[in-house]
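The values are calculated or read from the model by the stated rules, or taken from the named source; none is laboratory data. Here the structure is a predicted model, which means the values were calculated and not measured. Glycine gets a Cβ as well: all are built from the backbone with ideal geometry, and neighbour counts include every protein chain shown. For accessibility, only protein heavy atoms count, side chains too; no ligands or nucleic acids. Shrake-Rupley method; radii C 1.70, N 1.55, O 1.52, S 1.80 Å.
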Amino acid sequence: MGGYIDLHIHTTVSDGTLSPSEVVRHAKEKGLKAIAITDHDTVEGNREALEEGKKVGLDVLTGVEISVGCPYGTMHLLGYCIDIDSSFLKERLEFLQKVRSERNLKILDKLKGLGIGIDFSDVLQMAGGEQVGRPHFAKAMLKKGYANTNQDAFDRFLKKGAPAYVDRFRFEPQEAIGIILKCGGIPVLAHPFTLGDLKPKELEDFVVELISLGLKGIEVFYPEHTDRQIAGYRYLAEKHGILITGGSDFHGYGKPNVDIGIYNGNKDISLSVIETMKKMQEEGKRN
Ligand code: AMP
Ligand code: ZN
Ligand code: FE
Ligand code: FE
C-alpha cells in the first residue's frame, strides 16, 4: 500500500518554527498518514506530538536526530520508535544539551570579537525558550541587521569554516547507534549525501561497518538527494537488507521550498516501513 509518510521533521523544541502539535495538525491537513518527530539531540517534543496525533488521527512515531562524528563529512543518525522515557536516553541527551550550551557561549564570544553586538538574550528569544542552535543566532543577527538573510548569516559567520564557527563534541557512530538501540529504537543513517563525495565502495564499506554496529536503515528519500543518489542508496539498503526511509527535514517555514511530506520520492515510499518498524520495536522488547 502506498501512502504519504514523513520521517524527518523538526519542531520548535529544536530549530523548527512549528510546535509539535502544529506539525501534527499540518501533516494531517496535508493528508499524511504517518510522521516522526526528529528534533536535534532532544525528545522533548515527542509527547505533545503523540497526544496530538491521537486527537487528530495521525500515526506519530517517536524519534530523534543525533549528530555523529565520523571520518567523512556530516553524519546524522535518526533514531525511531525510541522509548522517550528511558532515563539512559535522557541522561545522554542532557549531556549533549550541556555540550550545546558551552558551544553557544563560544559562538557568542566569537561573534562579539567580530563586532556583532548581539546578546545571548536575543538568541534565547529566537529559540523561544527551547534548545538553542545556530539558526537562532542567524535569526538574531538578521533582526539586528548584521545579516541580510539566514543563509547570509551562515555563509559569512556560522557555517563550518566561517569565522564564528565552533565545533562541538559528537558521539562516535558506535556510541550513537548504541544509545538508540539501548532505548529500544531503530537507528537509521540520515541524508547520506552529507557524508560527502564518497566513492561507491567507500560508502558501502562505511554502511557495512555501521550495520555491524546495529544500523537498521538508510534515509534514501530526502529533498536534496538526486535521482542517482536515491538509486544508489536504495541499492545499498536492499543489498544489505536494511530499511528504506525518507523525510523532508521540515523545519517550518524557514527553509523555502520544503514542506511536510515533500521530498524526492515521497510517493514511492511504502507505508509498510511503518509497520516493519513497529514490528521490529515489539520484537526488540521481547528479546
Ligand atoms: P546546530 O544544531 O546549532 O549545529 O545547527 C544546525 C542547523 O543549522 C541545521 O539543522 C540547519 O538548519 C542549519 N545549518 C547548518 N549548516 C548550515 C548552512 N551551511 N547553511 C544554512 N543552514 C545551515
Ligand atoms: Zn535543524
Ligand atoms: Fe540532519
Ligand atoms: Fe534534520
Review point. Can residue 191 be described as within 16 Å of ligand 2 (Cβ to nearest atom), in the same structural domain as residue 20 (by TED's automatic domain parsing) and touching an Asp or Glu at 6+ places or on another chain (Cβ under 9 Å)?
Key: yes
Check your understanding: Which ones in the range 223-260 are away from ligand 2 (no atom under 16 Å from the Cβ) and under 15 Å from the mean Cα position of the chain (by Cα)?
Key -> 245, 246
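Conditions tested, residue by residue: (1) touching a residue at least 40 places away in the same chain (Cβ under 8 Å); (2) over 19 Å from residue 76 (Cα atoms); (3) within 16 Å of ligand 2 (Cβ to nearest atom).
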position: 4; (1), (2), (3): yes, yes, no
position: 15; (1), (2), (3): yes, no, yes
position: 19; (1), (2), (3): no, yes, yes
position: 26; (1), (2), (3): yes, yes, no
position: 36; (1), (2), (3): yes, no, yes
position: 42; (1), (2), (3): yes, no, yes
position: 57; (1), (2), (3): no, yes, no
Exercise for review: Could you pull out the residue among 203, 271 that is modelled with pLDDT of 95 or more and not assigned by TED's automatic domain parsing to the domain that holds residue 140?
Suggested key: 203
Review point. Restricting attention to the range 12-30, which residues are part of a loop (DSSP other than H, G, I, E, B), open to solvent by less than 30 Å² (accessible area, probe 1.4 Å) and under 21 Å from residue 264 (Cα atoms)?
Key: 16
Revision key, fill the gap. Those residues of the range 71-93 that are modelled with pLDDT of 95 or more and within 16 Å of ligand 2 (Cβ to nearest atom) come to a total of 6
Exercise for review: For residues that are part of a loop (DSSP other than H, G, I, E, B) and more than 16 Å from ligand 4 (Cβ to nearest atom), tally how many sit in the range 114-131.
Suggested key: 8
Revision key, fill the gap. A careful count of residues in the range 53-90 that are out of contact with any Lys or Arg (no Cβ under 7 Å at 6 or more places or on another chain), part of a helix (DSSP H, G or I) and either surrounded by 15 or more Cβ atoms within 10 Å (Cβ to Cβ) or not polar (S, T, N, Q) (or both) gives 5
Review point. Which condition does residue 35 not pass, out of (1) within 12 Å of ligand 4 (Cβ to nearest atom); (2) part of a strand (DSSP E or B), if it passes all the others?
Key: (1)
Practice item. Restricting attention to the range 158-200, report how many residues are touching a residue at least 12 places away in the same chain (Cβ under 8 Å) and not in a loop (DSSP other than H, G, I, E, B). Key: 20
Revision key, fill the gap. In the range 29-63, anything of a type in the set (Lys, Arg) and farther than 15 Å from residue 248 by Cα is listed as 47, 54, 55
Revision key, fill the gap. From the option list 140, 164, single residue qualifying as more than 21 Å from residue 39 (Cα to Cα) and either modelled with pLDDT of 95 or more or assigned by TED's automatic domain parsing to the domain that holds residue 11 (or both) is 164
Check your understanding: On the given criteria, is residue 197 away from ligand 4 (no atom under 16 Å from the Cβ), under 30 Å from residue 103 (Cα atoms) and open to solvent by 40 Å² or more (accessible area, probe 1.4 Å)?
Key -> yes
Point to revise | Positions within the range 130-157 being in contact (Cβ under 8 Å) with a residue 12 or more places away in the chain, within 14 Å of residue 17 (Cβ to Cβ), open to solvent by 20 Å² or more (accessible area, probe 1.4 Å) and not charged (D, E, K, R), in sequence order | key: 131, 135, 150
